[in-house]
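Visitor: Before anything else, here's the structure in question.
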Amino acid sequence: MTVEGRQLYDSLLSVEMMSGPCAVTFAGSGYVRMAMAGISGRWPAVGITAGTATSGDTDNSMGVLVRYWGVVHADNFDFASYARGQAIWLGQSGGFANSPPGSGMPQQILGMVVDGSGMFVGNLCPGWVGSGQITQTMLASGVGGTSVSLTTSFTAGEALSGGEFLVFSGAKIVTLAYASGTWDHASVVAVAAAAAISGASIACETLCGRDVRVQMEASLSGLAAGKPVYLSALDRGACTTIAPTTSGNTSKLLGWISSTSGYLSGSVASSLLSIVFQPGQQILLG
């Protein structure tokens, strides 16, 4: 693996012709091939290539530059129809998509759009099938028995509701996160999995890649799967699809919408929807 500036990449051999850009998955013995959400054994994607794998080797394998992390620009990237910050998904037949593939197929986020010809690749989720991203049934048989838990318990530092975003305010003590406070107030570590009164133990979602129900700001419009969500500067513990822009606030990416089912455009307490929980970089706005 090569580290250059803010990119991680490898030059690997492909077992098939590939016309970039596309996502790739391992094909065994260090070789790669095009990743596809619609074909078994063709996922998860491990990186992306912006170029074309051309023939020439005597073993009929082609060299390809695979990027794992960093901002990548290429003339053949076409994100003109995407919004900046929008999630890029693994496509059903290879390539990129602006929304997750259909039910029953693995749904994997590859990165996000930075402009019309560039994307950020990184923190590739392993993908999920159906409605749950990381679930109990994905654990190997016999590992941990029935005692395995996909949540972590902390102590509520104030009254909390399920789906609220949380930060540490003390040793294993969590309180509501919000983007209009100090830097620490936006350093999200978990999502409340249930309600709890102050001082009580609370189960929290902490694993990146989990599909979780979260609190959204009320009266949002234009919600769709694949849209990024940010920590709200208006409602403590909630998120929004509108990135904060006010000086002194913190822009904190929390993940991407996976489903808008059940969203009620009313009070924050009833405005729940599903996201892929994948906290990203936070920026203090000047």
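Visitor: How large is ³J(HN,Hα) for each residue in region 195-202, as worked out from phi by the Karplus curve 6.51 cos²θ - 1.76 cosθ + 1.60 (θ = phi - 60°), to whole Hz, x for Gly and Pro?
Guide: Once θ is set to phi - 60°, the couplings for region 195-202 become 7, 7, 7, 4, x, 8, 6, 9 Hz.
Visitor: Using mean Cβ contacts within 10 Å as the protection proxy, how do 190-200, 159-169 order, highest first?
Guide: Answer by packing, highest mean first, reads 159-169, 190-200.
Visitor: For Ile88, enumerate residues with amide H under 5 Å from its amide H, sequence gap 5+ or separate chain, H modeled in the peptide plane.
Guide: Leu110, Gly111, Met112, Val113
Visitor: Now for a different question. Given the peptides 226-237, 246-257, arrange them by the average over their residues of other C-beta atoms within 10 Å, most packed first.
Guide: Result, highest mean Cβ count within 10 Å first: 226-237, 246-257.
Visitor: Taking only C-alpha pairs under 8 Å that are 6+ residues apart, what is the relative contact order of region 163-202 in percent?
Guide: Relative contact order of region 163-202: 40 percent.
Visitor: So if each residue of separation counts as 0.36 nm, and I subtract the Cα-Cα distance between Thr246 and Asp78, what length gain in nm does that give?
Guide: 57.4 nm
Quick note: the coordinates plus some simple rules give every number you see, no bench work behind them. Note that this is a predicted model, so its numbers are computed, not measured. Note that we place each Cβ from the backbone using ideal geometry, even for glycine, and neighbour counts take in every protein chain shown.
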